[in-house]
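The values are calculated or read from the model by the stated rules, or taken from the named source; none is laboratory data. The structure presented is a predicted model; accordingly, all values stated were derived computationally and were not measured. Cβ coordinates were reconstructed from backbone atoms using ideal geometry, including for glycine residues, and neighbour counts include every protein chain displayed.
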Amino acid sequence: MDWLREAERARKEFYTLLAQADTPERLENIRILFMGRRGKVTRTLRMLAELSIEERRRVGEVFNRLKEECEQKIDEASNRFSSKSERGPSFDVTLPGKPFPRGRRHPLTILEDEIRDIFVSLGFEVATGPDVEDDYHNFTALNIPDEHPAREMWDTFYLQEKEQRLLRTHTSPVQIRIMEKSKPPLAVISPGKCYRRDAVDARHSPVFHQIEGLWVDKGITFAHLKGVLEYLVKRLFGPEATLRLRPSFFPFTEPSCEVDLDCLKCRGKGCEHCGFKGYLEVLGAGRVHPQVFRNAGYDAEVWSGLAFGLGLERIAMVLYGIGDIRLFLENDLKFLRSFL
């Protein structure tokens, strides 16, 4: 074997690999490849015992010199990596950093928190319930039996189960569950998502948010209802906001009314924003129907109550001047960043 040519081949290979070693891990692999227990240089030095004394002296001198050279170059490269690590990162730490994007609360979350605070200040408690309801709590207990036409108006998404379950059409079932578990007097609001089989357009969505309220006590009248609602709209829309109660019908209240707010743009004079009516419909309300009390186990002769329900999207559209309900669900960052 031509040992001198083998040593030169090993040296060239070593320097080629050393030039490519850009990490301490790669440098360590090169050291093991050449000077490890089974490395190329180490293996050759162990084979010297098989050579004659003259060859052993000549070949040993060449490979020992190669070994010392390789160890020196590896040590130098290792020191360079160590000095880089001690100096810290190789970028300019005085440069300004990249700012992290700042998150914002969703406008519906902002509005819900504000309405919660308003009613909590009046002594109301906050209650929540399941999005998936049974037919009894969603309809029957609210004086909407199987044959009632309101079921068609509020038709929703039914689940294929033995028990007839559905995505709730309003948060009124929460009020029934509260009355089943609690004795009067009580005052609660129930915020949450609702689901109806509505076609999506600028004012309708199959998923929307509601806040409904219930106040049960002795001697509750329409005066209490109007007082609560006036306090709500003045806190939300300002002290100059006025409302009117318009007769309407709901199966779970008697008598019932629609609540209209004077248009914030024309202040009752009539404009394109309010359809030249001067008022905007914002919520429905009424005194709790006696049958609802009986379904919940309350004595309708002793207790009376008021109930109301408002859509968060509807209030937000009026309050913030938003013309399309779909903006609340599209996750448009430009839209969401406009709210603090």
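Listing for the model above:
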{"read-out": "Qualifying position, being modelled with pLDDT under 80, within 47 Å of the chain's Cα centre (by Cα) and among the aromatic types (Phe, Trp, Tyr), among Phe81, Phe100, Phe34", "value": "Phe81"}
{"read-out": "Condition check for Gly309: at positive phi, in contact with a helix residue (DSSP H, G or I) (Cβ under 9 Å, 6 or more places away or on another chain) and at pLDDT 90 or above", "value": "no"}
{"read-out": "Breaking point among (1) of a type in the set (Ser, Thr, Tyr); (2) over 28 Å from the mean Cα position of the chain (by Cα); (3) farther than 24 Å from Ser256 by Cα, for Thr140", "value": "(3)"}
{"read-out": "Test: residue in region 319-337 that is touching a Phe, Trp or Tyr at 6+ places or on another chain (Cβ under 7 Å), in the same structural domain as Glu152 (by TED's automatic domain parsing) and of a type outside the set (A, V, I, L, M, F, W, C)", "value": "no"}
{"read-out": "Strands (runs of 3 or more DSSP E) wholly inside region 227-329 that include at least 2 residues being crowded, with 19+ Cβ neighbours inside 10 Å, more than 28 Å from the chain's Cα centre (by Cα) and in contact (Cβ under 8 Å) with a residue 40 or more places away in the chain", "value": "253-262, 279-288, 304-311"}
{"read-out": "Residue list for region 43-72, restricted to those being surrounded by 15 or more Cβ atoms within 10 Å (Cβ to Cβ) and either within 20 Å of Leu27 (Cα to Cα) or among the polar types (S, T, N, Q) (or both)", "value": "Thr44, Leu66, Lys67, Cys70"}
{"read-out": "Flag if Arg267 is at pLDDT 90 or above and more than 27 Å from Pro130 (Cβ to Cβ)", "value": "no"}
